[in-house]
Amino acid sequence: MYLADSRSTKPAAAPDTRPGRRPAVPGTVLALGAVSLITDISSEMITAVLPLYVVAALGLSPLGFGLLDGINNGVGALVRLAGGHLADRGGQRHKVVAGLGYGLSALCKPLMLLAHGLPMISAVLAVDRTGKGLRTAPRDAMISLSTRPEHRGRAFGVHRAMDTTGALLGPLVAFAVLRAAVDGYDAVFAVSGCFAALGVLVLVLFVPGRTGPRTTSPTSPTAPTVPAEGAAA
């Protein structure tokens, strides 16, 4: 009787183990990877030329720029705590908080065209780091929630590879624009703003608003119907 019951539970486990029905890397992860790739191109374009712009064009000392960059990075690290907390409050608001972070960073790129003094540049960089801090935790949460546990390592690896590709392409694009454009730094800031806006657009259009863990099938081995039939037999 127990052998018959154990055999009867095997077909019920099939819906959770079908390899061809759900890809190891869901479309949500690929969409988030595309957003990170595009956004990193934008961010690294600014990062690549910012030391030259601040030191050579605005006359700030290298030590002063290092202090400014360190403070802004520290602000971004602290804001990550707030981003994760906001995303988890009141249900699944991960996309909303991530979109706010990406939007703030995108807004900062064209503002660099208007920042010609150290106080203005400091404020713009602080807002940009705030946006980066807000989006990191909810983005990672969306990757985890949209991926089966046994495939999460692969999902994060794919996302990180796409993110790093954007970080590699960003400086190349920046110096290509800097060499080709007449107005130099302003052209880099403008092109960076276009990439940032494109990243926000991809997030809005291709990343679903709600992601969640896979629900248990009613025919799962843990359903109470199987033990009831076995007891009746």
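I'd like to check something: does the stretch 9-21 contain any residue that is in a helix (DSSP H, G or I), open to solvent by 30 Å² or more (accessible area, probe 1.4 Å) and either in contact with a helix residue (DSSP H, G or I) (Cβ under 6 Å, 6 or more places away or on another chain) or at pLDDT 55 or above (or both)? Yes, some residue in the stretch 9-21 is in a helix (DSSP H, G or I), open to solvent by 30 Å² or more (accessible area, probe 1.4 Å) and either in contact with a helix residue (DSSP H, G or I) (Cβ under 6 Å, 6 or more places away or on another chain) or at pLDDT 55 or above (or both).
Selection of the stretch 38-70 for residues being more than 17 Å from residue 178 (Cα to Cα), of a type in the set (A, V, I, L, M, F, W, C), touching a helix residue (DSSP H, G or I) at 6+ places or on another chain (Cβ under 8 Å) and part of a helix (DSSP H, G or I) yields 38, 65, 68. Taken over the stretch 71-103, residues that are open to solvent by 50 Å² or more (accessible area, probe 1.4 Å) and either of a type in the set (D, E, K, R) or within 19 Å of residue 36 (Cβ to Cβ) (or both) amount to 8. Scanning the stretch 115-135 turns up no residue that is part of a helix (DSSP H, G or I) and farther than 21 Å from residue 69 by Cα.
The values are calculated or read from the model by the stated rules, or taken from the named source; none is laboratory data. All values derive from a computational prediction rather than experimental measurement. Using ideal geometry, Cβ is built from the backbone for each residue, glycine included, and neighbour counts are taken over all protein chains shown. With ligands, DNA and RNA removed, areas are computed over all heavy atoms of the protein, side chains included. Shrake-Rupley method; radii C 1.70, N 1.55, O 1.52, S 1.80 Å.
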